[in-house]
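Derivation of every value follows stated rules applied to the coordinates shown; laboratory data play no part. The structure presented is a predicted model; accordingly, all values stated were derived computationally and were not measured. Virtual Cβ from ideal backbone geometry, glycine too; neighbours counted across all protein chains shown.
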Amino acid sequence: MKPSRDRTNHCRHLHRRVLAGVLAVTLACAGTAAAENFIDVTPSPQQTHWQDLEFGVIVHFGTNTFLDREWGDGSADPAVFNPDQVDPGQWAKAAQSAGAKYLVLVAKHHDGFALWPTGQSDYSVKSSPWLHGRGDLVRMTEQAVRKQGMDFGIYLSPWDRHEPRYKDAKAYDVFYAAQMDELIQNYGPLTEWWLDGAGSSGHVYDFKKYIEELRTYQPNTMVFADVALFDYGDIRWVGQEDGHIRGENWNVIDRHGELRWRPVEVDTPLHKLQWFWHPNSDTTLKSVPELMDIWENSVGLGGQLMLGLAPNRHGLLPAADVARLKAFGEALQARYGNDSDLARRHLPTDANTAAALDGNDDTFWSAPEGSHHAELEVDFAQPVTFDRSLSKEWINAGQQVQKYTVQAWVDGSWKTVASAEAIGHMKIDRFAPVTTSKVRLNILSSVGTAHIRGFELFDVAEPAKP
């Protein structure tokens with residue numbers, strides 16, 4: 001039966017409405033995807049755990065140590081590697097005395113020499129005289145680090161200047177993945193995996209396969225990579241090795257229109273321009289004021305500090321290095337430890353405010369729900385003098401604060417002593433000494449409800465300068 005003209009028109013009209021509806025939904029969905037903002041990107045639980053570690057060390061030790069080199073070319077005879085007093089426990093204890101909470105071992109640097117008895121090559125400790133070729137420095141270090149209650153990570157250089165298969169990208173991918181398998185399956189849970197892009201210009205790696213393999217056995221491991229390896233990294237390089245973050249530190253970055261939560265890690269050696277040990281090491285050691293300046297401009301700006309340690313030819317950190325790390329840790333505690341936090345002297349306050357002042361990172365103050373401006377005020381019975389404030393944002397729901405000031409009550413009005421944009425994981429603000437009985441963190445603009453899990457005040461008699 002042929003439909004009537006009215007029914008035909010009705011069907012056509014209905015069909016157009018359905019198509020229009022589908023198109024509207026499609027465009028709305030597309031618009032939502034395209035409209036993703038920085039504030040919509042939040043960290044994974046693994047990333048927040050890693051950011052809470054704040055300070056780690058990376059250990060460089062290998063054939064370069066015995067040849068007075070920074071960059072090995074892969075030609076060193078394994079026989080040169082023969083330390084007589086290797087003690088990773090000493091490394092871990094020294095790092096911990098400085099305040100470090102995790103240790104990353106360079107299991108293979110660019111020269112290709114492996115510090116574990118890899119089954120993929122003879123170019124490793126098994127071909128050295130150390131422990132008659134039966135040593136495994138990765139195992140020794142992993143056990144020592146865990147004994148100290150620290151987290152452990154591994155650096156496995158993609159660039160390999162010794163391995164002949166490096167010239168054949170596909171063959172080398174198999175080689176690298178096999179070495180990776182040995183490390184990720186046999187040395188316990190890893191906190192961080194370093195992907196260093198040095199020396200790799202023009203070489204194409206199958207990073208997708210590498211990360212698939214890593215995630216199979218180590219799903220909680222944080223992958224360090226520079227922004228060029230954006231798709232494969234959980235954390236990113238700051239861009240230089242002087243230990244400083246520059247400008248406002250936002251955890252979300254944009255690469256070619258893609259947004260990712262990529263907190264920054266600052267890497268710098270304990271010795272000036274030297275990652276490996278050299279005979280002149282005592283003359284290149286950074287001073288405590290220099291280390292404090294680095295910490296304040298890395299951890300103190302919401303980033304992660306990775307400090308390079310270099311054992312000597314005995315396999316020990318030099319005595320000067322151990323002493324310097326201990327002195328730095330003591331200075332850090334004296335300056336920013338809980339006992340130095342003047343905000344702890346606050347007058348009784350409500351439970352919400354107290355949650356930001358108790359030194360417990362598991363509690364936090366919350367602004368009124370849905371607010372975009374709020375104030376966290378601290379009152380004292382007697383005036384206090386301070387020249388540093390330390391703020392911590394609860395970042396599990398993302399980085400919310402976009403502009404804030406620190407203000408002191410002076411001569412009957414609020415005086416701004418510091419003004420900035422990002423808080424993030426941590427933010428130290430430095431200013432001229434101010435004496436007051438009232439201070440507040442004035443959040444001028446937040447995208448969503450702000451949460452502050454720490455607001456601390458410190459009196460540093462002299463600014464930290466190198």
Next on the checklist: Only four residue types carry charge here, +1 at the Cβ of Lys and Arg and -1 at the Cβ of Asp and Glu. Report the dipole size of the chain about the Cα centre in Debye, rounded to the nearest 20.
Outcome noted: 1460
Item to check | Per-residue ³J(HN,Hα) for segment 139-151, Karplus 6.51 cos²θ - 1.76 cosθ + 1.60, θ = phi - 60°, Hz, x for Gly and Pro | outcome: 4, 4, 5, 4, 5, 5, 5, 5, 4, 7, x, 9, 7
Next on the checklist: What are the ³J(HN,Hα) couplings of segment 276-283, residue after residue, when phi is run through the Karplus curve with 6.51, -1.76, 1.60 and θ = phi - 60°? Round to Hz, x for glycine and proline.
Outcome noted: 9, 5, 9, x, 9, 4, 5, 7
Item to check | Charge sum, other residues only, whose C-beta stays under 9 Å from Leu259's C-beta, Lys/Arg counted +1 and Asp/Glu -1 | outcome: -2
Next on the checklist: From the phi angles alone, apply the Karplus equation (6.51, -1.76, 1.60; θ = phi - 60°) to segment 435-445 and give each ³J(HN,Hα) in whole Hz, x where the residue is Gly or Pro.
Outcome noted: 10, 7, 9, 9, 9, 9, 9, 9, 7, 7, 8
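Looking at this model, which pairs from Lys167/Lys272; Lys101/Lys208; Lys209/Lys403; Lys101/Lys427 are more than 31 angstrom apart at the alpha-carbon? Provide the component values of the computation, followed by the final result.
Details: Lys167/Lys272 34 Å; Lys101/Lys208 29 Å; Lys209/Lys403 41 Å; Lys101/Lys427 19 Å.
Beyond 31 Å: Lys167/Lys272; Lys209/Lys403.
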Checklist entry - In the chain, with Lys and Arg counted as +1 and Asp and Glu as -1 at Cβ, which of these residues, Trp295, Ala354, Ala228, has the Cα nearest the positive end of the dipole, that is, farthest along it? => result Ala228
Checklist entry - Tell me, how many Å apart are the Cα centres for segment 138-176 and for segment 102-124? => result 5
Checklist entry - Measuring from a point 7 Å past the Cα of Asp459 along Cα-to-C-beta, which residues in segment 338-354 have an amide N at less than 18 Å? => result 338-347
Checklist entry - In segment 177-255, which trypsin sites (Lys or Arg not before Pro) fall in coil by DSSP and have 16 or fewer other Cβ atoms within 10 Å? => result Arg246
Checklist outcome for this item: antiparallel share of DSSP beta bridges within the chain, to nearest 5, in %, is 60
Checklist entry - Considering amide H positions built from the backbone, and no H for Pro or chain starts, which residues 5 or more places from Val410, or on another chain, come under 5 Å of its amide H? => result Lys415
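Thr363 to Glu36: FRET efficiency via 1/(1 + (r/R0)^6), r the Cβ-Cβ distance, R0 25 Å, to the nearest 0.05?
The formula returns an efficiency of 0.25 here.
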Checklist entry - Counting Lys and Arg as +1 and Asp and Glu as -1, what is the net charge of the other residues whose Cβ lies under 15 Å from the Cβ of Ala94? => result +3
